[in-house]
Amino acid sequence: MTKADIVELIAEKTGFTVKDVKIVVEQCLTEIKDCLAEGNHLEIRGFGTFKVKNHKARKARNPKTNEEVMVPARKKAVFKVSKELNNILY
Amino acid sequence: MNKLELIESVAKKTGQSKSVAREVLDSLLDTVEQTLVCGHTIEIRGFGAFKLKRRESQRARNPRTGETVEVPSRFVPVFKPSKKLAEKVDK
């Protein structure tokens, strides 16, 4: 399932034009990305929360060469599923 | 940020009404949900992918009573951010 498929599906379900749906979907995604980039979290009730988590620097090993490398501390976007959605998937 | 703020911001920037923004967002979330329920992966280029991952059954302890309980294996959804998003976040 790709973005084009999703947009078409949404257009079909809602009855809006593909063009309008595409603009709104793109903006939704951009908005979520920008929100995360600023370090804020975004909670969507009944769906889940997107937030930024700090990961500490750690040692890792390159499995091919067996060489030890340092992974620097970084920030990662994580998604925590809501209880409601989790119960459906369970 | 919550859903309402997201809807308001999207409506403002796209020039669409809030009800349109809400309906499209709801439909988008519903699509992601349904795809996962069906057991499929949903990938949105430039954003990330939602997948289901199997978690094996494990033993856990009820912290109050101290008794050991078996947690059955189950599927948990995971989100893998796209490279673009990962880079954007890690700045």
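Per-structure values
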read-out	value
Which numbered condition B:L28 fails, given (1) within 25 Å of B:S73 (Cα to Cα); (2) at pLDDT 90 or above	(1)
Residue count for the range A:22-33, restricted to those that are among the charged types (D, E, K, R) and within 13 Å of B:G46 (Cβ to Cβ)	2
Count of the range A:21-42 residues which are facing chain B (nearest Cβ under 7 Å) and either of a type in the set (K, R) or surrounded by fewer than 16 Cβ atoms within 10 Å (Cβ to Cβ) (or both)	2
Count of the range A:60-90 residues which are β-branched (V, I, T) and assigned to a strand (DSSP E or B)	4
Residue that is farthest from the other protein chains (Cβ to nearest Cβ), among those in the range B:36-69 that are in contact with a Lys or Arg (Cβ under 6 Å, 6 or more places away or on another chain) and not in a loop (DSSP other than H, G, I, E, B)	B:T68
Residues being over 15 Å from A:C35 (Cα atoms), at the interface with chain A (Cβ under 7 Å from one of its Cβ atoms) and surrounded by fewer than 18 Cβ atoms within 10 Å (Cβ to Cβ) - total across the range B:1-35	1
Test: B:F50 is touching a residue at least 24 places away in the same chain (Cβ under 8 Å), in contact with an Asp or Glu (Cβ under 9 Å, 6 or more places away or on another chain) and not hydroxyl-bearing (S, T, Y)	yes
Subset tally (residues that are more than 7 Å from chain B (Cβ to nearest Cβ), part of a helix (DSSP H, G or I), farther than 17 Å from B:F50 by Cα and not aliphatic (A, V, I, L, M)) for the range A:1-20	3
Checking A:V69 against (1) modelled with pLDDT under 90; (2) within 7 Å of another protein chain (Cβ to nearest Cβ), the condition it does not meet	(2)
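The values are calculated or read from the model by the stated rules, or taken from the named source; none is laboratory data. If you're wondering where the values come from, they're calculated on a predicted model, not measured in any experiment. In this analysis, Cβ positions are derived from the backbone assuming ideal geometry, glycine residues included, and neighbour counts consider all displayed protein chains.
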